[in-house]
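Asks: Quick one: this structure, given as structure tokens, is what I'll be asking you about.
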Amino acid sequence: MRQMSKKGKIVIAGVLGLLVIAIVGTTIAMLQKKTDPVQNDFAGAAVNIGVIENGKDTPLEDGDNTNIYDSIVKDQPVGKEVSIKNIDSAEYPTTDTYVRVRLVPIFRNEAGETVPADMSKVSYTYGDDGNWKKEETAGGETYYYYTRALAPDDVSGMLITSVTYTGEVPEGTTFELQVLTEGIAANQKDSLSAWGLSGFNGLEALV
């Protein structure tokens, strides 16, 4: 099968998410800038999380959150390793944190506009860390939860190791995978209720 031209390069964006308790309201707002650290509404608890990609030691920062790969080809997996880190520092000490992730795939044209495509054709190869579980909401979104709290400076196991598009790739587009993250302090009673959860037992295992 013919590969796409360089216009069809795959662009996979990992977005540093520093949200506490608040659900993502606008995707674009999260993608355009790195959010400053946020103080948790629970007393004394600080949350600061970031995306670790492809085995790197440090979380992604502004201007460094886009990886460019070879041309994307139908049915051909492209490497994409995603983990989440609880970022601890002397200036901003954090607490044990639960994290969840939403993966948002997008095709864009040269003008940066979203191009309609069948995103049900996007599939992921998951990592082998059994702490990752998923929930599919009534609105059609999928959230991935790490069911073990991340201690300060701890890094989760890999959520995914590659991404594949099994449909027809729109001509003249780039593919973007946005990694949106949220965190909640884990050492507060009923903290998961902010995500509508009483625990992780009802979540699905990744397959």
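The values are calculated or read from the model by the stated rules, or taken from the named source; none is laboratory data. Fair warning: this is a prediction, and the values are worked out from it, not measured in the lab. For neighbour counting, all protein chains shown are included, and Cβ atoms are generated from backbone atoms with ideal geometry for every residue, glycine included. Surface areas here come from the heavy atoms of the whole protein model, side chains and all, with no ligands, DNA or RNA. Shrake-Rupley method; radii C 1.70, N 1.55, O 1.52, S 1.80 Å.
Asks: According to the Cα gyration tensor, what semi-axes, each the square root of 5 times an eigenvalue, does the equivalent ellipsoid of region 67-193 have, listed from largest to smallest in whole Å?
Replies: Result for region 67-193: semi-axes of 31, 16, 14 Å.
Asks: About the Cα centre of region 139-201, what is the dipole size in debye to 20, counting +1 per Lys and Arg Cβ and -1 per Asp and Glu Cβ, all else neutral?
Replies: Around 340 debye, computed over region 139-201.
Asks: Continuing with this model, one more query. What is the sum of charges around Gly130, taking Lys and Arg as +1, Asp and Glu as -1, for the other residues whose C-beta is under 14 Å from the C-beta of Gly130? Please list the in-between numbers first.
Replies: Working: positive: Lys133, Lys134, Arg148; negative: Asp128, Asp129, Glu204.
So the surrounding residues net to 0.
Asks: Just want the answer: with Cβ charges of +1 for Lys and Arg and -1 for Asp and Glu, which residue in Pro105, Gly199, Ser162 is farthest toward the dipole's positive end in region 73-207?
Replies: After comparing all options, I get Gly199.
Asks: Mind listing which GluC sites (Glu not before Pro) in region 74-143 are in a DSSP loop and have 15 or fewer other Cβ atoms within 10 Å?
Replies: Working: sites: Glu81, Glu91, Glu110, Glu113, Glu135, Glu136, Glu141; in loops: Glu91, Glu110, Glu113, Glu141.
Answer by residue number: Glu91, Glu110, Glu113, Glu141.
Asks: Then there is this: Skip the ligands, DNA and RNA, and give the accessible area per residue of region 62-207 with a 1.4 Å probe, whole Å².
Replies: 47
Asks: Filter the trypsin sites (Lys or Arg not before Pro) in region 69-99 to those in DSSP coil with at most 16 other Cβ atoms within 10 Å of their Cβ, and list the result.
Replies: Here the trypsin sites (Lys or Arg not before Pro) that fit, given the DSSP loop and packing criteria, are Lys74.
Asks: Please work out the Cα convex hull volume for region 111-160 and give it in Å³ per residue.
Replies: Details: hull volume 7.3 nm³, N = 50.
Roughly 146 Å³ of hull volume per residue.
Asks: With every protein chain present, what accessible area does Arg148 have (1.4 Å probe, heavy atoms only), rounded to the nearest 10 Å²?
Replies: Using a 1.4 Å probe on the heavy atoms, I get roughly 90 Å².
Asks: Next up: Mind jotting down the three principal axis lengths of region 142-207 based on Cα atoms? Whole angstrom, largest first.
Replies: 50, 28, 21
Asks: At a 10 angstrom cut-off on C-beta neighbours, averaged per residue, how do the peptides 168-177, 193-202 rank from highest to lowest?
Replies: Ranked by mean Cβ neighbours within 10 Å, highest first: 168-177, 193-202.
Asks: Turning to a different aspect of this structure: Please list Asp153, Asp88 from largest to smallest accessible area, probe radius 1.4 Å, with all protein chains kept in place.
Replies: Of Asp153, Asp88, the descending order of accessible area is Asp153, Asp88.
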